[in-house]
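The values are calculated or read from the model by the stated rules, or taken from the named source; none is laboratory data. This is a predicted model, so every value here is computed, not measured. Positions of Cβ are backbone-derived with ideal geometry, glycine not excepted, and every protein chain shown enters the neighbour counts. Please note that ligands, DNA and RNA were not included when accessible areas were found on the heavy atoms of the full protein model with its side chains. Shrake-Rupley method; radii C 1.70, N 1.55, O 1.52, S 1.80 Å.
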Amino acid sequence: MAKNVGILAIDIYFPPACVQQVALESYDGASKGKYTIGLGQDCMAFCTEVEDVISMSLTVITSLLEKYKIDPKQIGRLEVGSETVIDKSKSIKTFLMQIFEKCGNTDIEGVDSTNACYGGTAALFNCVNWVESSSWDGRYGLVVCTDSAVYAEGPARPTGGAGAIALLVGPDAPITFESKFRGSHMTHAYDFYKPNLASEYPVVDGKLSQTCYLMALDSCYKYLCSKYEKSEGKQFSISDADYFLFHSPYNKLVQKSFARLLYNDFLRNASSVDEAAKEKLGPFSTLSSDDSYQSRDLEKVSQQAAKPLYDAKVQPTTLIPKQIGNTYTASLYSALASLINSKHTELAGKRVILFSYGSGLTATMFSLKLNEGQKPFSLSNISSVMNVEAKLKSRTEFPPEKFVEVLKLNEHRYGAKDFVTSKDISLLAPGTYYLTEVDSMYRRFYAQKDGEKTNCENGSVTNGY
Ligand code: ACO
């Protein structure tokens, strides 16, 4: 039986095209500071007409296999999390099989998981469960979370983003699951959904989605705490974990969510929070649960009370989500990538709590334990492979007018057939995949910038990204 199953390796890809939130704010006529301070976002990545969720996944998988020298034949399960529907039957996973087929590996289980931003977590749990199961054949699992988050014109538009993350799963990992500490909350809600199959844009009740998110957070935290208490014989509180990672549609919601956990700790056991926080939260101790979700005062005061802990336990996880925006299924894992990027030398022995939320709704809070690991599967190597700062720096900023123009073109192209793209790949790094054509049968064709030669024996891909 495989031991210490978890995430062995990570790579991240996001499009080189981005728009600054400060510029978008002014273009949209929003008040100054609304997107940057109000929503807490810095910048937003977006796919131009040559990129989509399939090309981003092809790019990130190829990159991961190359950088960790994994032979494509060593992959036994491939799971995709995405809510960006390109085909109602054919999975994204089947497009990705092109990488493996040409190395003679078609023996790969797994398909796509879809439920808003939760699909990546479902895919990850599937892979971990497979490696831990009696059907495991000794090979690696591979998870790809890929989404292009775009909204119709309006208040939700600045909460978009785009990106893909690949997670290699196997035994003896530097990032392992503490599977007994896990709580889920799943109910029926119409907070964010995509009933119009002719459009990429969701229908979204923004305020309801915020409340649903916070209610799911409370419920998952309650279940996780009670499982921890049963297993460890003592209460769980924020002080029992080193970092907290959240699904991050926009940073303000992350700030509110962490503050909400502190409020939960205070209600359950006031002595678990410090004196200053206790004093601040005191007046809210008798608030009904329903009222607590609507209380602006509680929101403000709890964020103030949580600020020092937020700076220590959450802030190091926020770089990528603030810079590329909401990547839906990849969002939570871009927070994990941010943490490894900023703290990889100090993470051995640390516990990380993650909160995954998908509208509609499905949510799970779970616990990971970190150790330095052995090269190439070490935290420091993961950090250098991801190369986050360089990737962020090498992006091209577009003015909001251009961003809006790209979204308009993509609106027309969504679900369309019989077109070729401009094939303008000047922004793309070598090794990046791009969409070239959708033919009269809706078949999609991709190419890789600067070609690619896969060496299936040792898994190295020359000229790779
Ligand atoms: N300076 C500083 N802050 C400002 C300014 C300003 N000039 N103007 C407004 N703000 C603040 C507001 O006070 C508010 O902060 P607060 O909540 O701490 O008070 C924040 O900016 C946002 O302003 P709102 O008026 O609440 O924003 P609006 O209602 O226009 O839109 C929303 C925000 C609802 C999040 C919208 O962007 C949306 O619908 N997004 C998509 C839904 C979403 O992401 N939901 C999250 C979970 S589901 C998922 O992941 C998809």
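Leaving out same-chain residues fewer than 8 places away, which aspartates and glutamates sit with a Cα under 17 Å from that of Lys402?
The reachable aspartates and glutamates, counting only those whose Cα sits under 17 Å from Lys402, are Glu25, Asp28, Glu49, Glu51, Glu153, Glu411, Asp424.
Positive end of the charge dipole of the chain (Lys, Arg +1 and Asp, Glu -1 on Cβ, about the Cα centre): tell me which of Asn105, Val273, Val314 has its Cα farthest that way.
The listed residue farthest towards the positive side: Val273.
Give me the accessible area per residue for the chain, probe 1.4 Å, as a whole number in Å².
It amounts to 40 Å² per residue over the chain.
Evaluate the Kirkwood expression for the hydrodynamic radius of the chain, namely the inverse of the mean inverse distance over all pairs of different C-alpha atoms, and round to one decimal in Å.
22.5 Å
Could you compute the FRET efficiency for Ala348 and Ser135, with r as their C-beta to C-beta distance and R0 at 41 Å, rounded to 0.05? Mind showing how you got there, number by number?
Numbers: r = 32 Å, r/R0 = 0.78.
It comes to 0.80.
Run the lone-cysteine check on the chain: no other Cys C-beta under 4.7 Å from the residue's C-beta.
Cys18, Cys43, Cys47, Cys117, Cys127, Cys145, Cys212, Cys220, Cys225
Please work out the Cα center distance from the range 104-133 to the range 331-389, rounded to the nearest Å.
First find each Cα centre; the distance between them is then 18 Å.
Looking at the calculated P(r) for the range 1-59, what percent of the C-alpha pair distances fall above 17 Å?
Tail fraction, whole percent: 59.
Using r as the Cβ-Cβ distance of Gln304 and Lys69, and R0 as 45 Å, what FRET efficiency do you calculate, to the nearest 0.05?
For Gln304 and Lys69, the calculated efficiency is 0.40.
What whole number of Å gives the distance from the Cα centroid of the range 213-261 to the Cα centroid of the range 302-326?
With the range 302-326 and the range 213-261 each reduced to a Cα centre, they are spaced 14 Å.
Which entries of Lys34/Lys252; Lys300/Lys343; Lys88/Lys417; Lys34/Lys391 have Cα-Cα distances beyond 18 Å here?
On the way: Lys34/Lys252 11 Å; Lys300/Lys343 29 Å; Lys88/Lys417 15 Å; Lys34/Lys391 26 Å.
Cα-Cα > 18 Å for Lys300/Lys343; Lys34/Lys391; rest within.
Mind ranking 363-375, 103-115 by how tightly packed they are, going by the mean number of other C-beta atoms within 10 angstrom, highest first?
Ranked from most to least packed, the peptides come out as 363-375, 103-115.
Cα-based Rg of the range 22-121 per 2.2 N^0.38 Å, rounded to two decimals?
1.43
Taking the Cα centre of the chain as origin, sum charge times position over the Cβ atoms of Lys and Arg (+1) and Asp and Glu (-1), and report the length of that vector in debye to the nearest 20.
Dipole size: approximately 600 debye.
For the range 101-243, which whole-number percentage of the solvent-accessible area (1.4 Å probe, protein heavy atoms only) is attributable to carbon and sulfur atoms?
50 percent
Over 5 Å intervals from 0, what percent of Cα-Cα pairs in the range 349-440 sits in each interval?
Histogram of Cα-Cα distances, whole percents per bin: 3, 8, 10, 12, 13, 13, 15, 13, 9, 3, 0.
Only Cα pairs under 8 Å and at least 6 apart count here; give the relative contact order of the chain as a rounded whole percent.
With pairs under 8 Å counted, the relative contact order is 25 percent.
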